[in-house]
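Please treat every number below as a calculation from the coordinates, not as lab data. The structure displayed is predicted, hence computed values, not measured ones. Every residue, glycine among them, receives a Cβ derived from its backbone with ideal geometry; neighbour counts consider all protein chains shown.
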């Protein structure tokens, strides 16, 4: 199994009782089986820490949403301030395609369809102030 917390979340939602990594110790496997037999769920600490760090639960019960990385926040902030992809790439000293990728990922993960929606997202989430 990979160290991707999204896979662990998907597995748990699909009904898995436990999620371990291939590198997990035999004692951890034994512990996970014991927890599952008690009707509990078990996630390896490596993944549990990552899930806590990268996922937040919306108070209204919506599905968890990934927190933006610092670089994603920088990209969204600059774009929402009216900078072009090229200007943003120059400012952050990265390739234009890197900026386009960050923008794409944020928009895809949030279901945003346009730059205007990205701008609204940035204001709503206090990434940029008006």
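Taking the Cβ of each residue in 123, 99 as the centre, tally the other Cβ atoms inside 10 Å and list the residues starting with the fewest.
Fewest to most other Cβ atoms nearby, the residues stand as 123, 99.
Under 8 Å for C-alpha pairs, at least 6 residues apart: give me the relative contact order for region 68-124, rounded to a whole percent.
Once normalised by length, the contact order is 39 percent.
Work out, in µm²/s and without decimals, the Stokes-Einstein translational diffusion coefficient of region 68-124 at 10 °C, 1.306 mPa s, Rh from Kirkwood over C-alpha pairs.
Estimated via Stokes-Einstein, D reaches 144 µm²/s.
Most exposed first by the Cβ proxy, i.e. fewest other Cβ within 10 Å, how do 47, 23 rank?
23, 47
Arrange the peptides 72-78, 100-106 so that the one whose residues have, on average, the most other Cβ atoms within 10 Å appears first.
72-78, 100-106
If you take the square roots of the eigenvalues of the alpha-carbon gyration tensor of region 5-57 and sort them as a ≥ b ≥ c, do you get rounded (a/c under 1.5), prolate (a/b over b/c) or oblate?
Oblate, since a/c reaches 1.5 and b/c is not below a/b.
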